[in-house]
Amino acid sequence: MGPDPKMLIICPNCQARYEVASQTIGNNGRKVQCASCHKNWRAVAEAEPSEADKIFSAEEEQALDADFYKEEQAQSKKTGAMDKVRGGAGADQDAQQELTKQAEKRLAMKKRQHLLIRSLPRARMQRLVVMVTSVLLMVFFGGGLVLRERIVMVLPDLAGIYSAVGLSVNVVGLEFREVNTVKSLRDGSVVMSVSAMLENVSGGQVSVPPILVSLLDERGSVLYEWSVTSQVAAMGYGEWVEFETELTSPPEGAVGIRLSFVNQLHPDGNF
C-alpha cells in the first residue's frame, strides 16, 4: 500500500493551514479545532497546495500534524464531558423556559380580560347610542311622513322635496271625492260638466281657496285650465260641500282631468 494521500484544511478564523491525511477528514469532512487560535470548525477537503503555496516544510508539517492530532483528542474528551454536563443543564433550562412561557401566556390572558372588562361599558354605551339614534330616526322620518302637510304649511319650501320622492302633500287640508265628468250636447255645442265633493280632512277649520280645473292630454300635459270660486269661504273639520262647473267646447284630445287649488297642485283623476 502506498502512503496515505494528504489534503489541505484552512482555519476560517486565523487562516492557518494544515496538511492532514485524507482519511482523517474523510469525504464528508469532520469537526476540528485550530491548534493556533483554538477555533472549532468543520473541515472539508481542499485542493492540495502547490509547492509555492506551502509555508511549512514536510518535517514542520508532520510536527504540526502530530500536535493537531493530540489537540484534537484532548478537545474531544473535553467536549464529551461538557456535553454530559450540558445535557442535564439543558433539560433544566428547557423546563424553566416552558414555565416562563406559561407565565407569559397567563399574564397576556389577564391583560386581555382586563381590557375586555374595561371595554364593556363603552360597548354598552355604543349599543345604547345606536338604539337611541335608530329610534330618533324612525320617529323623525315617521313624523315627517305622517305630518308632512303640517310641516309643509310651516315650511312651504319642503313641498318640492316630498314631491320629488313621490309623496303628495295636501297643505290646504281639503280633498276632492266622487269626481265625475260628463260630456253632453247643448245648442249644438259640446258641454263638459265636472262635479265633485269637497271635504275638510285637516282636523280643524280651513279656508277654501279658488279651485283650479285642468284638462290633460294622453301624456298628462295641460291642454286647458280655468278656476272656480267655491260656494263657501271656509269649512270645519269633517264638513263637505258639493262642487260643480261646466266648460263649453272643451279642447280636442282632452282625456284626463285634474282638480287642485290655485297655487297648489293636487292630482285627482281621468275621464
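Brief remarks follow.
- Test: residue in the stretch 37-52 that is modelled with pLDDT of 70 or more, in a helix (DSSP H, G or I) and either farther than 15 Å from LYS6 by Cα or in contact with a helix residue (DSSP H, G or I) (Cβ under 7 Å, 6 or more places away or on another chain) (or both): no
- Odd one out for TYR18 among (1) without any contact (Cβ under 8 Å) to a residue 40 or more places away in the chain; (2) touching a strand residue (DSSP E or B) at 6+ places or on another chain (Cβ under 8 Å): (1)
- Selection of the stretch 245-262 for residues being farther than 14 Å from SER227 by Cβ and exposed (fewer than 14 other Cβ atoms within 10 Å of the Cβ) yields THR248, SER249, PRO251, GLU252, GLY253, VAL255.
Residues checked against (1) in contact (Cβ under 8 Å) with a residue 40 or more places away in the chain; (2) in contact with a Lys or Arg (Cβ under 7 Å, 6 or more places away or on another chain); (3) small (Gly, Ala, Ser):
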position: THR181; (1), (2), (3): yes, no, no
position: LEU185; (1), (2), (3): no, no, no
position: GLN205; (1), (2), (3): no, no, no
position: SER214; (1), (2), (3): yes, yes, yes
position: THR248; (1), (2), (3): yes, no, no
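The values are calculated or read from the model by the stated rules, or taken from the named source; none is laboratory data. From a predicted model like this one, the values you see are computed outputs, not experimental measurements. Cβ: placed from backbone, ideal geometry, glycine included. Neighbour counts: every protein chain shown.
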